Amino acid sequence: MSELIIQTDGLKKYYILGSETVRALRGVNIEINSGEFVSIMGPSGSGKSTLMNLIGCLDTPTEGQYWLNGIQVSDLSDDDLARIRNQEIGFVFQTFNLLPRATALHNVELPLIYAGVGAKERRQRAKEKLELVKLGDRMDHRPPELSGGQRQRVAVARALINNPALLLADEPTGNLDSVTGEEMMAVLVDLNNSGQTIVLVTHEKDIAAYSKRQIHLHDGIVSKDFLHDKAGVQA
Amino acid sequence: MLIKEILRVALTAIRANVLRSFLTTLGIIIGVSAVIAMVALGEGAQRRIEEQISKMGTNVLTIRAGQRHWGGVATGETEDLTVEDAEALRDRSGGTLSISPELSSRVQLAYLRWNSNNQVRGVWPEYFGMYNLNIEHGEMFDQGHVQGRRRVAILGSAVAEELGTTGSLLVGNKIQIRGQPFEVLGVLEEKGDAGWFRPDDEVFIPTSTAQFRVFGGRRRLSSIYAQVSSTNAMDAAFADIDRILRREHKVRPGDNADFSIRNASDLIGAFTATTQTFTMLLAGIAAISLIVGGIGIMNIMLVSVTERTREIGIRKALGATKKAILFQFLIEALVLCFMGGILGVIVGVGGAEVLSRIANWDTVVVPEAVLTALGFSAGIGLFFGIWPAQRAAKLNPIDALRYE
Ligand SMILES: Nc1ncnc2c1ncn2[C@@H]1O[C@H](COP(=O)(O)OP(=O)(O)O)[C@@H](O)[C@H]1O
Ligand SMILES: [Mg+2]
């Protein structure tokens, strides 16, 4: 149950803007086991998204190590990273990042296309995931024809399509109203209850309360890391 | 299945911007159609020349007057070719050559109240054999007519009609050639259009008659024709003619001859070289427009990559490899070029057809040119598409996702 899925050692990420260096992450050490539901919290600019992008293999660290499922990610080639993003990681973004001209179904199918899955199986699996997020009746709609909450659920279905080891969500409720946001969190809680490892970025206490553990970032460094109860109070 | 998605995306992108795509491919369309039409024109001209030459008989040598030389320097004057030269060739070649001088000019013909302006050639009877001109009605003139400077004429098959009558009726009657009465001895069989040599429209009279009765004592011949018994004997005949005429014209050995001897295939060669140069030139210009078209494709692909940076980011985040993105944009460029190529083929083949109808210009669409032009346009798609595609493929996923 509790095998190590994420392990980082002194992760640093610097951005060089002209003569100025932005130290977005200044040495982050975290360990996350499979089955966990973790919130990464912190004020705006504290490096939450930067950390998420490193964990999601969308970006590479300036310094430090990162093991995903025991594999040293910094050793991998671009193609291997693409395969990991495709197979091991499901990413949900604050701004949804759906293809506007493709139907919900096609958007959900997309990772399977790059995984080389045949058209028939692709359709079948995409339908199942859309039904799981209760969008079975919106499959042929394009993102502009869907509400924010529906779009984010399409994005969740897409993130889950390859049954990833890790579901990452960067402020998934940031563009949703509070009711829709709570619905979204209910979906994530359900997923976690059925064993899905989830790492969530948020700056809202209420949202973090849905998870089981909080990691607080401050100026690119972990300031707090604790398990909490349903009210978000440290155990 | 990835290739299907790639094609689908390419077609969607092209369809999403139909007008832009069309304008982009316009360069390719024009280039491909121009190449095809130009080569079709050139090929048409080429075939026509070959056809004409084959009708003319390839074992006939044409002797023309050249420049007089004085101590190795061209004087600018031309030495005349005369009937005496022709006679010398006939008499001293040992019977291996069939010779006819030719004196020709356009002249007014009249019959009753009809008038016509035609080429009149003063020739010997041997002339008809050289060009396979056969009598349909009446008979040929012979050496006797030549010696007697007789006013007799052989008409091409179409001349009678131009004079408002028919060949069979005209035989035995008199027509006016430059105001003088000529008896029509015979009418030739139809020969068909043979380019610059159109015997159907021409009138043939004895050389002597032409010289003294029609052209007012003109000595200077247009040419002398010499038919060689076989194509194999061509080189020997060439040497014979050169030797005989040099003696006639008193050209010193080593000096340049003041006449030229050419055979039909020289003529074909000269014409072929000209049309080929011309075709290459036109096709080259067309090819340049293809390259310009390619630059247009590259430009629009760069725009497309920029516009779709976010899409590239999304696809990469979901597991698209560099190669998948590279192919996506490369194939889009290829599809664009290929569509342009196909449209270009249609326009080019259609244009060649229209040209041949309207301008009455022979065109032959060459399949190789079509394939080459299509291949070339695909190659241009590859060549000019690779750079934008590489730019797309190299994008870092997170930078692409952040792009506004
Ligand atoms: N691509 C980038 N280029 C330059 N600076 C960046 C870039 N991405 C993030 N930053 C900077 O890094 C810091 C952390 O950003 P981020 O991880 O997005 O914070 P958070 O998500 O916690 O609000 C901020 O100061 C931000 O301006
Ligand atoms: Mg952020």
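Modelled this way, with points 7 Å down the Cα-to-C-beta line, the labels at B:Q108 and B:S230 are 5.1 nm from one another.
In chain A, the DSSP-assigned H stretches of four residues or longer account for a calculated mean residue ellipticity at 222 nm of -10000 deg cm²/dmol, using -39500 (n - 2.57) per stretch and the full residue count as denominator. A simple rule links phi to the HN-Hα coupling: the Karplus curve 6.51 cos²θ - 1.76 cosθ + 1.60 with θ = phi - 60°, which for segment B:44-49 gives x, 4, 4, 4, 5, 5 Hz, with x for Gly and Pro. Listed by chain and number, the aspartates and glutamates whose alpha-carbon sits under 15 Å from that of B:K323, ignoring those within fewer than 8 places in the same chain, are A:D78, A:D79, A:D80, B:E5, B:E332. Partners of A:K48 within straight-line reach, counting lysines whose Cα lies under 23 Å from its Cα and excluding those fewer than 8 residues away in the same chain: A:K12, A:K13, A:K205, A:K212, A:K224, A:K230, B:K316.
Averaging Cα coordinates gives a centre for segment A:67-120 and one for segment B:104-178; these two points are 90 Å apart.
Taking a label point 7 Å from the Cα of A:D79 along the Cα→Cβ vector, which residues of segment B:325-361 have an amide N closer than 20 Å to it? Label zone hits: B:325-331. GNM remark for chain B: springs join alpha carbons under 10 Å apart, and the peak mean-square fluctuation among B:G216, B:G340, B:G167 falls on B:G216. Only helices enter the 222 nm calculation for chain B: every DSSP H run of n ≥ 4 contributes -39,500 (n - 2.57), and dividing by all residues gives -18500 deg cm²/dmol, rounded to 500. A crude spin-label estimate for the pair A:R23 and B:R219, with each label 7 Å from Cα along the Cβ direction, gives 11.2 nm. Shown is the FRET efficiency for B:V354 and A:E128, computed with R0 = 60 Å from the Cβ-Cβ distance and rounded to the nearest 0.05: 0.55.
Applying a DSSP loop filter and a limit of 16 other Cβ atoms within 10 Å to the trypsin sites (Lys or Arg not before Pro) in segment B:105-194 leaves B:R113, B:R149, B:R178. Per atom type, the protein assembly as shown shows carbon and sulfur on 54% of its accessible surface, probed at 1.4 Å. Rg and Dmax of chain B, based on Cα coordinates, read 33.0, 104 Å. Distance from the alpha carbon centroid of segment B:1-23 to that of segment A:4-32 works out to 40 angstrom.
In the full protein context, the protein assembly as shown carries 46 Å² of accessible surface per residue, based on a 1.4 Å probe and ignoring ligands, DNA and RNA.
Across the protein assembly as shown, Cα-Cα pairs more than 33 Å apart make up 65 percent of the total.
Heavy-atom accessible area buried between chains B and A is around 2100 Å² (1.4 Å probe, both sides summed).
The label point for A:A119 and the one for A:L4, both projected 7 Å from the Cα toward the Cβ, are 4.6 nm apart. Taking amide H atoms as placed 1.01 Å from N in the peptide plane, the amide H of B:N173 lies under 5 Å from those of B:V184, each 5 or more residues away in sequence or on another chain.
The values are calculated or read from the model by the stated rules, or taken from the named source; none is laboratory data. What you see is a predicted model, and the numbers here were worked out from it, not measured in a lab. Cβ coordinates were reconstructed from backbone atoms using ideal geometry, including for glycine residues, and neighbour counts include every protein chain displayed. Side chains included, ligands, DNA and RNA excluded: accessible areas come from the protein's heavy atoms. Shrake-Rupley method; radii C 1.70, N 1.55, O 1.52, S 1.80 Å.
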